[in-house]
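Asks: I am attaching a structure below and will ask some questions about it afterwards.
Please treat every number below as a calculation from the coordinates, not as lab data. Just so we're clear, the structure is a prediction, and the values are computed from it rather than from any experiment. A quick note on method: Cβ atoms are made from the backbone with ideal geometry, for glycine too, and the neighbour counts reach across all protein chains shown.
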Amino acid sequence: MDRFISEGIEGRENRLGQGAKPIISREADKETIRKASEADRQSVKAAKAAWEASSDKTASDETFRRFLSALVQNIDV
């Protein structure tokens, strides 16, 4: 509310750096996740466990699945 009073309607917009930071980085984690999923293609949980062990990061099953889905997204148009 203070930003609205001091800056007007522009003060209500989110500033850079606000909000939750991504758990999985496309640049940093792409190759490690790809290698983990290639080792066990049938089990997402096993690939997630391998990635967590190698990267010291944790993510929910749904977050990991979303990232895998984005990696293998069909780009044919």
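Asks: So what is the relative contact order of the chain, in percent, for Cα pairs below 8 Å that sit 6 or more residues apart?
Replies: Normalised by residue count, the contact order of the chain is 21 percent.
Asks: Further question: Taking the Cβ of each residue in Glu52, Glu31 as the centre, tally the other Cβ atoms inside 10 Å and list the residues starting with the fewest.
Replies: Least to most surrounded, the residues fall as Glu31, Glu52.
Asks: Cα centroid distance between the stretch 32-55 and the stretch 2-24, in Å?
Replies: Distance between centres, Cα-based: 36 Å.
Asks: List the pair-distance distribution P(r) of the chain, using every Cα-Cα distance, as the percent of pairs falling in each 5 Å bin from 0 up to the bin containing the longest distance, rounded to whole percents.
Replies: That works out to 3, 13, 21, 17, 9, 8, 7, 8, 7, 5, 2, 0, in percent per bin.
Asks: A follow-up question, please. Which of the aspartates and glutamates could a cross-linker bridge to Lys45, judged by Cα under 20 Å and excluding same-chain residues fewer than eight apart?
Replies: Once the sequence-local aspartates and glutamates are set aside, what remains near Lys45 is Asp29, Glu31, Asp56, Asp61, Glu62.
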